[in-house]
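Here's the structure, in C-alpha cells; my notes come after.
The values are calculated or read from the model by the stated rules, or taken from the named source; none is laboratory data. Source: prediction; values computed, not measured. Cβ sites come from the backbone with ideal geometry, for glycine too, and all protein chains shown count toward neighbours.
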Amino acid sequence: MTLGYRPGQGLLHRTHPLTTAALAGAVSLLAFLLPGELAPWALVAGLCALALVAGLVPVLGAAAAFSAPFWGFLAVIHGVFGHDLGTAVVLAGRITAILTVFLLLLASVHPGRLVDAMLARGVPFGLAYLLAATLQAVPQLQRRATAILDAQRCRGLRVRGSVLRRLRAVVPLTVPLVLGALAEVDERALALEIRGAASGTRRTPLDPPVDGPWDRATRWILLAAVAGVAIWRLWP
Amino acid sequence: MSVQLERVSFRYPGAAFDALREVTFECAPGCVHLVTGRLGAGCSTLLQVIAGLAPHVTGGSRSGSVVTLGRDPAGSERHDLAGRIGLLLPTPWTQLSGMAYTVAEEVAFGPANLGWDRERIRQAVDEALRLVALERVAARDPRTLSGGELQRVMFAAVIAMDPEVCLLDEPAMELDPAGAEALYAHLPVLARERTVILATTDLDRAVSAAGRVILLDGGAVIGDGNPAEILGTPRAVETGATTTVARIASLAGADLTYPLTVAAAVERFSR
Amino acid sequence: MARLSSRLLALIPLAVGINLALGKVASATSLPLFLDTVGTVLVAALVGPGAAVVTGLVSQTAFTIVDGKLMWMAFLPVQLGIALYAGLAARYRMFASPLRAVASGLGLGLIAATLSWPISLLLFGGVTASGVTLVTTALTAVGMPLQWAVYGASLSSDLLDKAVTFLLVYVVLEALPRRMAVRFPAAERSRGRA
C-alpha cells in the first residue's frame, strides 16, 4: 500500500526525494519564522502554484479537506472566545502550509524510493529498514485490528453502553492483536538474519533516484533562505 | 564436509526438555539429505542450529560442536558465513522482507544486503525467478500473490543468494501437488554443487529426491542411511515417519525392506 | 548506536503498527482514548528503554507520514519521554500487578500532558488532535484562559489514555506464555517474575 502516493511524471516526481523533503522542512520552519499574519498564507499560495506546475492539483483538495476542521476550531477558540482573529489566521496558515507541503511530498515520493534515497545518503540500514517495514506493517495491522473488531462483535462484544463496559471491551480487542504480532517476531527475525539484514555490510540501493545539480542547488537555496530568515528574526 | 555436527544438544530458552539430543552427523554436496521425523522431533531446530540461528537469534543453550563451512555458525566468525547459508522456512508470509514493493525487489533483498553490485543482483534475481517459473510476476506486489506463488518466490529469494548450504524446511507446504513435484525434482540438481538439507514430513513426494535420510525422534538421531534402509523398516512405520506405500506394504505383511514409492512397489509385487 | 539485531528489526515495525492500528479500536469504543503508545510501552517492557526510544522515534515519523494525523515531529520529545518512563517503570517491575500498572500509567499521563502542553500551546495555539481540542474549546467557552484550557484538556485525556495503556500492557504480559516471554530480555523482570 502506498499511502497518498499518486503515480506521475511531473516536476516533483522527477525531483530527488531528499529535495522535496528539504522543501517540506523549509516550509515548516518558515511558517513559524516569517513575520506577519499573512506570511504563512503566502507560503500556501506558493505551494498551490507548485502543485499546479507539478500536476498535483488534487492534493490541494485533500489538504483543504484536512485543514478545514482546524480552521473551524481556531476560529472558535481564538476568534470568538479569544477575540483575536489575527492569531487564528496565522495559526490556520501555518497548519495549512505544513499540511499541504507534506501531502505534496507524500504524493510525489514512492515509499520504496524514499528508502533507497536514504540508503544512498548513508542513513544506517537499520533505521531505513525500520521506516520502510513500518510503512508496510501499519496497513497490515490496521486490517487485522478491524478483523478482530468484527470477529469480537460477532461473538457478542458490545462497544456501546456504560463507560466501564466500553473500557473492558478494549481488552479483547487489543490483546489478540498484540499477542498475534508477538508470535510472529521469532520467524521474522530468523528470516531477516539469514537474508543478511543484520550484517554489517553496506547495502546496495536497488534503484536509487538521481540526485542532479538542480536538486543540490535547490537544497542549498532552501537552507540559505531558512538560515537567513532565522538570523533576521532571532538575532537580538 | 560442509556440515559437521558432533554430539550437539540444544534447548530453547525456558523449555523443559532438549529439542536436540547428542546429534552427530556430517553432510557434503552430492545428494539431497532428507531430515524427517514426527512433528516435534526436532527437524526445524536442527536446520536452525546448522544455520547458527539457534542459539544466536532464538536464544537458548547449545552444547557439542557445530561446524558449517569450516566455522561455528553461531560463534564470532559467523559474519564470514553471511549469505553462504540459505534457510527457507515453512510459512512464506513471515519471511517477507517488509520493504519490497515488487517480487523482484523481494528476491533482491538478500543479495542487496550482501552488498553485491547491481548487475550481479539483477542476474541473480532473473535466474532465480526463471528457476521457479515466476518471471511473469516480477513486477507484482508480493502481498498480492497466492500462498503457493509466494512460497516459490521465497525459494527463489534463498537461491538468489547463491548459498553453498541450502536448508529447506517444508519448502512445498503451500504448493499444489504439481508444484511440489517440480520443486523436489529440482533439488538433486541443486545438490550437485551445494549441500542441500531438506526437512519435511511430505515423504511420499520427497523420498524420490533424497539420497540419504536422517530420522529423528525426540531430538535424537535414530536412523541415518539410504532411504530404503531407513524408511522401509518397521521402526519407521511405528514412528510414523515413512511413506504411505511402505505403510501399506507393512500392513499387507510384505517382506523387509518395504518399498517406498509406487514405482518400487510395482516392481516388487508384479513379479 | 549499536547495530540493530534481527529481533529488533522484526519487533519494532510490528510495535509501531500496533501503535497506529489501535487508534481504530480506540475510536470504535468512542472513549477519549488514543492507545497510540501501547506498542512503545510494550517494547519498553519486553526489551528496554533504548529499544523503546527507537520505537517512539519511528512511531512519530510514521504518524507524521500516515493518515494526515497532525502529531507532528514537534511532539517527538513527548514520545521519547514516554519511552524512557516506560523503560524505567518496567525495570522497577511496575507491570507485576494491575494496581502498579495503573498507578504508574497515571504518573505517565501527568508527565505526558505536561510535556506536550508547551508544544501544543506555543506552536499550535492549542489546536491539535480533534478530540482534545473539543475539550479545549469547551473550557475556553466557559471562560478559562487558553493556557489552562489546553493543559486541562491534555491532562484529562492523557491520564485516562496512559493508565489504560499500562493496564493493557500488563494484561498482555500476563497472557504471554513463558516460552515466548523468555525470548525477550526484559519481559520476565517487567512482570516481576525474575
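Identify, by number, the condition in (1) more than 7 Å from chain A (Cβ to nearest Cβ); (2) over 22 Å from C:Y151 (Cα atoms); (3) surrounded by fewer than 24 Cβ atoms within 10 Å (Cβ to Cβ) that C:T114 doesn't meet.
Failed condition: (2).
Would it be correct to say that C:L42 is away from chain A (no Cβ under 12 Å) and at pLDDT 90 or above?
no
Just to be sure before I move on: is A:R166 free of Cβ contacts under 8 Å to residues at least 12 places away in the same chain, basic (K, R) and more than 7 Å from every other protein chain (Cβ to nearest Cβ) in the structure I sent?
no
Condition first: in contact (Cβ under 8 Å) with a residue 24 or more places away in the chain and within 16 Å of A:F125 (Cβ to Cβ). Now tell me which residues in region A:169-197 satisfy that.
The answer is A:A197, and nothing else.
Take A:Q152 and tell me if it is assigned to a helix (DSSP H, G or I), among the polar types (S, T, N, Q) and at the interface with another protein chain (Cβ under 7 Å from one of its Cβ atoms). Even if it seems obvious, please write down each step before you answer.
Numbers: assigned to a helix (DSSP H, G or I): yes; among the polar types (S, T, N, Q): yes; at the interface with another protein chain (Cβ under 7 Å from one of its Cβ atoms): no.
Here the answer is no, as A:Q152 does not meet what is asked.
Go through region A:199-213 and count every residue that is more than 7 Å from chain B (Cβ to nearest Cβ) and touching a residue at least 24 places away in the same chain (Cβ under 8 Å).
The number of residues fulfilling the criteria is 7.
Restricting to region C:141-175, name every residue that is free of Cβ contacts under 8 Å to residues at least 12 places away in the same chain and either of a type in the set (K, R) or in a loop (DSSP other than H, G, I, E, B) (or both).
The answer is C:V142, C:G143, C:M144, C:P145.
When region C:124-142 is examined, which residues are found to be surrounded by fewer than 19 Cβ atoms within 10 Å (Cβ to Cβ), at pLDDT 65 or above and more than 7 Å from every other protein chain (Cβ to nearest Cβ)? Step through it out loud before you land on a result.
Residues of region C:124-142 surrounded by fewer than 19 Cβ atoms within 10 Å (Cβ to Cβ): C:129-131, C:134-135, C:138, C:141-142.
In the following step, the residues that additionally are at pLDDT 65 or above were identified as C:134-135, C:138, C:141-142.
Selection gives C:L134, C:V135, C:A138, C:V142.
When you scan region B:1-50, how many residues do you find that are in a strand (DSSP E or B), within 14 Å of chain C (Cβ to nearest Cβ) and surrounded by fewer than 19 Cβ atoms within 10 Å (Cβ to Cβ)?
Residues of region B:1-50 in a strand (DSSP E or B): B:3-11, B:20-27, B:32-37.
Next, from what is left, pick out any that are within 14 Å of chain C (Cβ to nearest Cβ): B:11.
Retained after the next criterion (residues that are surrounded by fewer than 19 Cβ atoms within 10 Å (Cβ to Cβ)): none.
Number of matching residues: 0.
Determine whether region A:119-141 contains at least one residue that is of a type in the set (S, T, Y) and in contact with a Pro (Cβ under 8 Å, 6 or more places away or on another chain). Talk me through it step by step, then tell me what you get.
Kept after step one, since they are of a type in the set (S, T, Y), are these residues of region A:119-141: A:129, A:134.
Okay, now just the ones that are also in contact with a Pro (Cβ under 8 Å, 6 or more places away or on another chain), so A:134.
Checked against the condition, which is being of a type in the set (S, T, Y) and in contact with a Pro (Cβ under 8 Å, 6 or more places away or on another chain), region A:119-141 yields at least one hit.
Which condition number in (1) more than 14 Å from chain A (Cβ to nearest Cβ); (2) not in a helix (DSSP H, G or I) is the one that C:R100 fails?
That leaves (2) as the condition not met.
Among the listed residues A:F125, A:F81, which satisfies the condition of being within 7 Å of chain C (Cβ to nearest Cβ) and more than 16 Å from the chain's Cα centre (by Cα)?
Details: A:F125 fails: within 7 Å of chain C (Cβ to nearest Cβ).
Selected residue: A:F81, the only one of A:F125, A:F81 that is within 7 Å of chain C (Cβ to nearest Cβ) and more than 16 Å from the chain's Cα centre (by Cα).
Look at region B:62-73 and say how many of its residues are surrounded by fewer than 21 Cβ atoms within 10 Å (Cβ to Cβ) and within 12 Å of another protein chain (Cβ to nearest Cβ).
Counting residues in region B:62-73 that are surrounded by fewer than 21 Cβ atoms within 10 Å (Cβ to Cβ) and within 12 Å of another protein chain (Cβ to nearest Cβ) gives 0.
Cβ-Cβ below 9 Å, separation at least six or inter-chain, first residue in region A:134-150 and farther than 19 Å from C:L8 by Cβ, second surrounded by fewer than 21 Cβ atoms within 10 Å (Cβ to Cβ) and at pLDDT 90 or above: which pairs?
A:R144/A:P176; A:R144/A:G180; A:I148/A:P176; A:I148/A:G180
Out of the residues in region B:82-105 that are in a helix (DSSP H, G or I) and within 10 Å of chain A (Cβ to nearest Cβ), state the one that is surrounded by the fewest Cβ atoms within 10 Å (Cβ to Cβ). Step through it out loud before you land on a result.
So in region B:82-105, the residues in a helix (DSSP H, G or I) come out as B:93-95, B:103-105.
Cutting the leftovers down to within 10 Å of chain A (Cβ to nearest Cβ) gives us B:93-95, B:104-105.
Values: B:W93: 17, B:T94: 19, B:Q95: 26, B:A104: 24, B:E105: 21.
Only one residue fits best here, namely B:W93.
So if I check each of B:A172, B:A206, B:A124, B:A210, which one is in contact with a Phe, Trp or Tyr (Cβ under 6 Å, 6 or more places away or on another chain) and buried (at least 20 other Cβ atoms within 10 Å of the Cβ)? Break it down into steps so the answer makes sense when it comes.
On the way: B:A172 fails: in contact with a Phe, Trp or Tyr (Cβ under 6 Å, 6 or more places away or on another chain); B:A124 fails: in contact with a Phe, Trp or Tyr (Cβ under 6 Å, 6 or more places away or on another chain); B:A210 fails: in contact with a Phe, Trp or Tyr (Cβ under 6 Å, 6 or more places away or on another chain).
Of B:A172, B:A206, B:A124, B:A210, the one residue that is in contact with a Phe, Trp or Tyr (Cβ under 6 Å, 6 or more places away or on another chain) and buried (at least 20 other Cβ atoms within 10 Å of the Cβ) is B:A206.
Go through region C:177-190 and report how many residues are crowded, with 23+ Cβ neighbours inside 10 Å and either more than 11 Å from chain B (Cβ to nearest Cβ) or part of a helix (DSSP H, G or I) (or both).
Looking only at region C:177-190, we keep the residues that are crowded, with 23+ Cβ neighbours inside 10 Å, and these are C:184, C:187, C:190.
Filter once more, so that each one left must be either more than 11 Å from chain B (Cβ to nearest Cβ) or part of a helix (DSSP H, G or I) (or both): C:187, C:190.
Total meeting the criteria: 2.
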